Structure formats: structure tokens, C-alpha cells
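Read through the structure below, which is laid out as C-alpha cells, and then see the notes.
The values are calculated or read from the model by the stated rules, or taken from the named source; none is laboratory data. Only a predicted model underlies this, so the values are computations on that prediction, with no experimental measurement involved. Note that we place each Cβ from the backbone using ideal geometry, even for glycine, and neighbour counts take in every protein chain shown. Quick note on the areas: whole protein, heavy atoms, side chains included, nothing else; ligands and nucleic acids left out. Shrake-Rupley method; radii C 1.70, N 1.55, O 1.52, S 1.80 Å.
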Amino acid sequence: IGLYLAGLGGELPAYPLTFAGLEAAAQAKMEHRLWDYVAGGAGDEHTQRANVAAFERWGILPRMLSGAAERDLSVELFGHRLPAPVLMAPIGVLGVMTDDGHGDLAAAAASASSGIPMIASTLMQDPLEEVAAALGDTPGFFQLYTPNDREVAESLVRRAEAAGFRGIVVTLDTWTLGFRPRDLQHATFPQLRGACLANYFSDPVFRSRLAASPEDDPGAATLHWAMTFGNPTLTWDDLAWLRDLTDLPLLLKGIGHPDDVRRAKDEGVDGIYCSNHGGRQAASAPALELLPAVVDAADGLPVLFDSGVRSGADVIKALALGATAVGIGRPYGYGAVLGGTAGIEFVLSCLLAEADLTMGLNGYAGIAELTREVLLRC
Ligand code: FNR
């Protein structure tokens with residue numbers, strides 16, 4: 001309503017209102033190789049296009065005269081009341097997406113002001129302790145890429161606990177990088193390195209593995225990180241170890257097969273995060289198509305979903321398919337590119353306003369009313 005009222009007075013919105021507009025403006029602002037890293041994906045990128053198309057195949061059935069003038073989008077997640085069922089998905093290189101290199105702190109500030117939780121990536125440029133402090137009263141989650149050195153993994157988890165994060169999201173689909181032609185063609189990675197290794201370079205256990213400090217010999221430290229980061233042999237045994245390590249809620253991100261979901265539940269995991277990494281990792285991995293089966297297999301565990309959410313209507317559709325809450329990735333990343341904290345706040349507020357209006361105009365007053373029967377295959 002604020003936007004409409006401002007528009008009546010002739011004021012233009014500060015940033016584009018649609019994903020397509022955000023994307024075009026962010027592309028125009030970013031160095032082309034960094035842009036390709038952020039916007040690009042696996043293979044011929046049909047996977048990320050399919051993520052968006054999957055949402056377009058659903059319509060929302062309208063109910064009129066239902067008294068949906070007042071809506072409640074708030075939701076409970078691991079004992080926290082969130083203002084809306086939306087989270088900022090982990091983005092590892094937010095640092096290269098803002099003018100000052102502190103994209104992680106910009107996102108944390110937007111999380112603090114909006115109450116929308118941030119899932120902070122292992123691969124942040126700002127150390128996790130600083131990011132956690134900037135979250136204020138908003139609960140934050142720490143995303144773990146489990147290194148192949150267990151003591152380094154444990155150190156990261158302990159630091160996340162001590163910093164006040166309220167849960168650990170273990171990403172499973174990235175034990176090595178996907179086949180991303182845009183990055184391979186441009187040799188982007190050297191440019192990203194400085195933007196994403198702060199949590200390793202500041203880690204006491206990681207540092208103890210090095211002959212010289214990362215400040216004195218960044219090349220050797222980066223090489224050691226490259227040998228530590230990937231964990232191709234990660235198995236359910238490691239998951240049991242991680243489960244024993246922390247009492248924080250533990251979520252698995254990138255898990256999609258119902259059998260894996262059931263196994264995760266048996267192993268004591270607290271939540272499932274259904275995602276194909278925004279089409280950046282395994283080519284042809286489904287995302288939204290998997291959600292109903294994942295929700296059924298999770299059998300009451302909270303299920304987060306991301307990949308392809310571009311609008312408030314998409315949020316409503318994912319909720320109707322059973323998600324407890326929805327992660328957004330690139331849209332808030334582009335907000336960060338365009339305006340740092342203010343840009344992210346703008347993107348989040350538009351997304352939430354659109355979700356709220358879509359729900360209301362279709363006659364639904366509360367999230368509990370959003371069931372699979374609300375959707376029509378179009
Ligand atoms: C990501 N994603 C991601 N996921 C994760 O678990 N850890 C990470 O460090 C990153 N880093 C990252 C960087 C960039 C530039 C992007 C675009 C994405 C994946 C992210 O959490 C999420 O799964 C997708 O972004 C969701 O898809 P959409 O919303 O971008 O379509």
C-alpha cells in the first residue's frame with residue numbers, strides 16, 4: 001500500500017519491482033564474470049529455467065466472499081515466531097555483490113530490520129561472529145559445507161553455536177562444484193576466493209594446519225582450503241557424527257529422494273531443506289516437483305524449500321505444496337547488488353507484500369488454509 005500511495009504522489013520505487021527488472025539492473029551493474037557466477041548454473045542451465053517454469057504450471061484457486069481482509073503470514077519454526085514463512089537462502093559470495101565488500105553484513109542488517117531469517121553461508125566474506133551479531137533479535141541459521149577435516153568442521157559448528165545461530169543447515173549437494181560452463185569459460189574462481197574464505201582463514205583449527213598464516217601466505221592457505229573444502233566421501237556415518245556434535249536444530253539441504261528424507265528423519269535430523277541449489281549443482285535435478293513427496297516422507301518435520309522462487313505467488317504455491325517456509329536466493333542477491341541493505345529490504349518487502357495480496361485476493365486468510373487443494377495444474 002505504501003508503494004501505491006507513494007506512486008499516487010508521483011514517487012517512483014527505488015528499485016525494480018519484478019525479478020526480471022532486478023535481474024537486468026543487477027547485470028548492468030556487475031562485472032560480467034561475477035555476474036555470470038551469480039546468475040549462471042549447471043550445464044546448459046535448463047535446470048534453473050525449469051525451476052521457474054515449475055511454478056508457472058500451477059494456478060491458485062480463488063475463493064470469494066471468504067473474509068480474507070486480515071491475513072496472518074506468521075509461522076513457527078524451531079520455536080521461533082517468524083513474521084512470514086520466508087528465509088534468505090545461503091549465498092556464499094554476497095561480498096562480491098555489494099560495493100563495500102560487506103554483503104553478508106548488509107544481508108544481516110536486512111534480516112535484523114525485517115525479521116526475515118538469514119541462513120549464513122560457510123563461504124562468507126564477513127566472519128560468522130560479526131554476521132551473527134548484526135542479526136539483532138532475528139534468529140539466524142548457519143549453513144555448513146562440511147569440510148573433510150572433522151576438527152575444522154567441529155570448530156565451525158562450535159563457532160556458530162557460540163555466535164548464537166539457532167540451527168545448522170548442512171548442504172549436501174555441493175561436495176564438489178557443478179559443471180558451470182560460464183565460470184569455466186571465464187576462470188571466475190580466482191576472483192571469488194577472497195570473497196568467501198573468511199570463515200576458514202579466521203578459524204583457529206584451520207589456521208593450525210598451515211605452515212604460515214593466511215595473511216603471510218594466502219596462496220598456501222587457499223590451496224589448503226581447496227583440499228579441505230570438498231568432502232566427496234561424506235556418508236550417513238558423518239551425519240550421525242554431526243548429529244551427536246550439536247544440540248542445535250540440524251537441517252539437511254539438497255536432499256530430495258523420499259527414502260533419503262525418511263533416513264534423515266530416522267537419524268534424528270530436525271528439518272529437511274528441499275532444493276536443487278538454484279540449478280547450480282546437479283543438472284536436471286528436480287526441485288518443486290519433489291516437494292510434495294519430500295513433505296510426505298518428512299512426515300511432520302519442517303520442510304524448507306528453495307529454487308526458482310521469484311514472486312510472492314511462488315511463495316504461496318510452495319506453501320500450498322507443503323513447505324513450512326520458503327528460501328529465496330538470487331532475488332535478494334540482486335537487491336544486495338543494487339542497494340546493499342536497502343536493496344535487500346526492498347526486495348523482501350515487495351515479495352512479502354505480493355505474497356500477502358495474492359493470498360488475500362484469492363480468499364485465504366491464513367497459511368493453514370494453503371493446502372494442495374488450493375492449487376490447479378495449468
Ligand atoms: C548459492 N547457494 C548456496 N547454497 C548453499 O548452501 N551455500 C552457499 O554458499 C551457496 N552459495 C550460493 C551462491 C550464489 C551466487 C547463489 C545464486 C546460490 C544456493 C542457494 O542457497 C539457493 O539454494 C538458491 O540460490 C535458490 O535458488 P534461486 O532462488 O536462486 O533460484
Taking Ala368 as meeting all but one of (1) touching a residue at least 12 places away in the same chain (Cβ under 8 Å); (2) away from the ligand (no atom under 15 Å from the Cβ), write down the number of the exception.
(1)
Looking at segment 56-74, can you tell me whether even one residue there is open to solvent by less than 60 Å² (accessible area, probe 1.4 Å) and in a helix (DSSP H, G or I)?
no
Cβ pairs under 6 Å, 6+ apart, first in segment 27-39 and open to solvent by 70 Å² or more (accessible area, probe 1.4 Å), second of a type in the set (Phe, Trp, Tyr)
Gln27/Trp35
Members of segment 321-332 found to be open to solvent by 20 Å² or more (accessible area, probe 1.4 Å) and more than 10 Å from the ligand (Cβ to nearest atom), listed by number
Gly322, Thr324
Would you point out which residue out of Gln27, Gln48 is within 13 Å of Tyr334 (Cα to Cα), modelled with pLDDT of 95 or more and assigned to a helix (DSSP H, G or I)?
Gln27
Among Leu94, Leu82, Leu22, which is the only one that is within 15 Å of the ligand (Cβ to nearest atom) and touching an Asp or Glu at 6+ places or on another chain (Cβ under 9 Å)?
Leu94
Kindly indicate the residue of segment 265-277 that is farther than 11 Å from Asp173 by Cα and open to solvent by 10 Å² or more (accessible area, probe 1.4 Å) and also nearest to the ligand (Cβ to nearest atom) among those meeting that condition.
Asp270
Screening Gly335, Gly308, Gly300 for residues that are assigned to a loop (DSSP other than H, G, I, E, B) and open to solvent by less than 10 Å² (accessible area, probe 1.4 Å) leaves only Gly308
What is the number of the single condition among (1) farther than 25 Å from Ala187 by Cβ; (2) within 16 Å of the ligand (Cβ to nearest atom); (3) surrounded by 14 or more Cβ atoms within 10 Å (Cβ to Cβ) that Pro16 does not meet?
(2)
Yes or no: segment 148-162 includes at least one residue that is crowded, with 21+ Cβ neighbours inside 10 Å, assigned to a strand (DSSP E or B) and at pLDDT 95 or above.
no
